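Visitor: One structure, pasted below without further comment.
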Amino acid sequence: MHLGHTHDGPAAVSADARRPDGTRRALRVGLGGPVGSGKTATVAALCRALRAELSLAVVTNDIYTREDAEFLLREAVLPPERISAVETGACPHTAIRDDISANLEAVEDLEDTVGPLDLILVESGGDNLTATFSKGLVDAQIFVIDVAGGDDIPRKGGPGVTTADLLVVNKTDLAPYVGSDLARMSADAREQRAGLPVVFQSLRGGDGVADVAAWVRGRLAAWTA
Ligand SMILES: Nc1nc2c(ncn2[C@@H]2O[C@H](COP(=O)(O)OP(=O)(O)OP(=O)(O)O)[C@@H](O)[C@H]2O)c(=O)[nH]1
Ligand SMILES: [Mg+2]
C-alpha cells in the first residue's frame, strides 16, 4: 500500500560493519512488535520475496521454544542451515536490547557457516510497544503492529511506533471485521513518525509485501554503497 518516504536514507556504516578479515558483514534487520502481530509471517514473506536475489538468513527469538524457527522450517522459506533459533528464557526485549550476546553469537555463526550473507533478519519474541533492538545487534529495525490490536495503537506511540526505521501495519484484511479505521491509523502513524515510512500490509491478500521488500533492498543498497 503506501510507503512513506524520506528518512530511510543511507545508514552510517557502523564501526563493526566489517569482519576481522576486512570483508563487509551482512546487513542485519530486526523485526519487533507485539505478540501475534505477524512478525514471523513477514519474515517468511520477505524470505520468499528476496531469496532468489540475495544470500539471506534468519534468527528467531522465542522465550521457551523454537516455535517460530520451526514454522519457517516447515514452510521451507530458506534451507534449514540458514534458520537459527535463540531461546531467550526471559523477556524478549532483554535478548535484543540488554544482553544481546546470544543473538550476536547466532548472527556471527550464520555468517561463518553459510556466509557470505547479504542480509540477516532477526525476529524478536513478541513483546510490547516499548521493545526496540540494540544498535549493537541490528542496523535497521522494522516494527510490526496489526489492525486487530486496535486502531489507536499508532496514536499511543512508544519507541517502536515512533522511531523504528519502518512501521508495518499488518492484517489490513481484518479491518472490516474488527472495526479498525485504516485512514485514522495512517494519519496517526504519520503524525507520530515525522516522515519515517509506514507500510500497510495484508499477508492474506499479499498487499504491501512488495513495499517492505523494496524498503529492505533500499537499506541494503545504502549498506553496500
Ligand atoms: N488475517 C491475517 N492474518 C495474519 C496476517 N499476518 C499474519 N497473520 C496470522 O496471525 C497469526 C500470528 O502471526 P505470526 O507471524 O506468528 O505473528 P508473530 O508476530 O510472529 O507472533 P509471535 O512471534 O508469537 O509474537 C498467524 O496465525 C498468522 O497466520 C495477515 O496479514 N492477515
Ligand atoms: Mg513470531
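Visitor: Connecting C-alpha atoms closer than 10 Å in a GNM of the chain, tell me which of Gly126, Gly160, Gly89 has the biggest fluctuation.
Guide: Highest fluctuation among the options: Gly89.
Visitor: Further question: Would you mind computing, in nm to one decimal, how far apart the modelled labels at Ala187 and Lys135 are, each placed 7 Å from Cα along Cα→Cβ?
Guide: 3.4
Visitor: I would also like to ask the following. GNM on the chain, C-alpha springs below 10 Å: top fluctuator among Leu27, Leu73, Leu119?
Guide: Largest GNM mean-square fluctuation: Leu73.
Visitor: Consider a paramagnetic label point 7 Å from the Cα of Asp109 along Cα→Cβ; state which residues of the range 37-54 have an amide N under 11 Å from it.
Guide: none
Visitor: Below 8 Å, C-alpha to C-alpha, sequence gap of six or more: please give me the relative contact order for the chain in percent.
Guide: 30
Visitor: For the chain, what is the calculated [θ] at 222 nm in deg cm²/dmol (nearest 500), taking -39500 (n - 2.57) for each run of four or more DSSP H residues and dividing by its residue count?
Guide: One gets -9500 deg cm²/dmol as the mean residue ellipticity at 222 nm.
Visitor: With unit charges on the beta carbon (Lys/Arg positive, Asp/Glu negative), name the residue among Ala213, Trp223, Gly195 whose Cα is farthest towards the positive pole of the charge dipole of the chain.
Guide: Among Ala213, Trp223, Gly195, the one farthest towards the positive end of the dipole of the chain is Gly195.
Visitor: Gaussian network model of the chain, Cα springs within a sub-10 Å range: biggest mean-square fluctuation belongs to which of Ala85, Ala41, Ala52?
Guide: For the chain, modelled as a Gaussian network with Cα springs under 10 Å, the answer is Ala52.
Bear in mind that the values in this text are calculations on the coordinates, not laboratory data. A quick note: this is a predicted structure, and the numbers were derived from the prediction, not measured. Note: ideal-geometry Cβ built from the backbone for every residue, glycine included; neighbour counts use all protein chains shown.
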